[in-house]
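See below for the structure under consideration.
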Amino acid sequence: MTIKYAKIVNEKTKACQVGLGTDSGLYRTLGMIETDVEQAYDGNWYVKGYAPQEPAKSYTEKRLAEYPALGEQLDMIYWDKVNGTNLWQQKITEIKTKYPKG
């Protein structure tokens, strides 16, 4: 297990500079103390329990993350026309139903 040393750089948010390792003397000279820290979704470090949560994504962002790539969608539409199927429409409807507007 790696020991974590931290120096709080923002008292309000508890954001930290973090050092990982075993050279306690070095970290103490940098004003760091051994403490529990956690990394937030944005890659920044905080005192454990203070890391901000990732903001909720909008229905648009959720849909965009699940829609197939445009090239794949065009291929689906082409093969639907050739085969008389509606797989593209089913896929898009599934995503729109999973993440409804507003």
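Each other residue within a Cβ distance under 12 Å of GLY19 adds +1 if Lys or Arg and -1 if Asp or Glu, for a net charge of +1. Among the aspartates and glutamates, which have Cα under 18 Å from the Cα of LYS91 when same-chain residues fewer than 8 positions away are ignored? Candidates past the 8-residue exclusion: GLU61, GLU66, GLU72, ASP75, ASP80. Applying the Karplus relation 6.51 cos²θ - 1.76 cosθ + 1.60 with θ = phi - 60° to the stretch 14-21 yields 3J(HN,Hα) values of 6, 5, 10, 8, 10, x, 10, x Hz, where x marks Gly and Pro.
A cut-off of 5 Å between modelled amide H atoms, ignoring neighbours fewer than 5 places along the same chain, links LYS4 with THR35.
Couplings for the stretch 89-98, taken from phi via the Karplus curve 6.51 cos²θ - 1.76 cosθ + 1.60 with θ = phi - 60°, read 4, 4, 5, 5, 4, 4, 5, 5, 6, 5 Hz in order; Gly and Pro are left as x. For the stretch 4-47, a crude dipole built from +1 on the beta carbon of Lys and Arg and -1 on the beta carbon of Asp and Glu, taken about the Cα centre, is about 140 debye to the nearest 20. Shape of the chain from the C-alpha gyration tensor: prolate (a/c of 1.5 or more and a/b above b/c, with a ≥ b ≥ c the square roots of its eigenvalues). Of the trypsin sites (Lys or Arg not before Pro) found in the stretch 7-53, the ones in coil according to DSSP and having at most 10 other Cβ atoms within 10 Å of their Cβ are LYS12. Annotation: lysines with alpha-carbon distance below 24 angstrom to LYS98 (same-chain offsets under eight excluded): LYS57, LYS62. For chymotrypsin sites (Phe, Trp or Tyr not before Pro), the sites in the stretch 1-64 that DSSP calls loop and that have at most 13 other Cβ atoms within 10 Å are TYR41. When the Cα positions of ILE33, ILE92, GLY43 are compared along the charge dipole of the chain, ILE92 comes out farthest toward the positive end, with charges on each C-beta of Lys, Arg, Asp and Glu.
Any read-out appearing in this document is the output of simple, stated calculations on the displayed coordinates, not a laboratory observation. All of these numbers come straight from a predicted model, not from anything done at the bench. With ideal geometry, Cβ positions are generated from the backbone for all residues, glycine too; neighbour counts draw on all protein chains shown.
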